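Contents: one structure, followed by commentary.
Nothing in this text is a laboratory measurement; each read-out follows from the coordinates by a stated rule. Values in this document were obtained by computation on a predicted structure and should not be read as measured data. Please note: Cβ atoms are built from the backbone with ideal geometry, for glycine as well, and neighbour counts cover all protein chains shown.
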Amino acid sequence: ILPDNHSQKNIFYIDEEQEINTRLFHLSVSDKDSVNNKIILKLLTHQNLFQLNEQYNDLYNLIIIGRLDREQQEEYNLIFEAKDQGTEQTLTTEKHLTIRLIDINDCSP
C-alpha cells in the first residue's frame with residue numbers, strides 16, 4: 001500500500017477545514033508474488049471522516065467526508081488493510097498513515 005506522494009515516515013500534513021469530497025491522495029496496492037491477484041483495500045479507522053474510493057484496478061483515492069478541525073483533534077492515525085484474492089491462500093497486510101492537521105487562523109481573538 002503506497003500513497004502517490006509517499007513520505008518515509010508515512011506522516012502527511014494537510015490544512016484543517018478542507019472541503020468535503022477533497023481528494024487527499026491516491027493509494028496504490030500491489031501483490032509482489034502475483035500480478036493477477038485482485039487486491040481489496042479497506043480503511044479500518046476514522047471511517048466517519050475519510051473514505052476510500054476505488055479508481056480502477058488497485059488504485060484508490062482517499063477522500064475527506066467529514067469536518068477536520070485541528071482544535072478538536074490534531075492528528076488522525078489511519079489504518080488500511082489490503083487483502084489479496086489468492087486462489088490457494090488469502091493474505092492480508094496493514095499499513096498505518098498519520099495525517100496531521102495544520103492550523104489555520106479560524107478563531108476570533
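Listed by chain and number, the aspartates and glutamates whose alpha-carbon sits under 18 Å from that of Lys38, ignoring those within fewer than 8 places in the same chain, are Glu54, Asp58, Glu81, Asp84, Glu88, Glu94.
Taking only the alpha-carbon positions of the chain and ignoring solvent, what does the Debye formula give for the base-10 log of I(q)/I(0) at q = 0.09, 0.20 Å⁻¹? Evaluating at q = 0.09, 0.20 Å⁻¹ gives log10 I(q)/I(0) of -0.27, -1.04.
Dipole magnitude for the chain: about 300 debye, using +1 per Lys or Arg Cβ and -1 per Asp or Glu Cβ, origin at the Cα centre.
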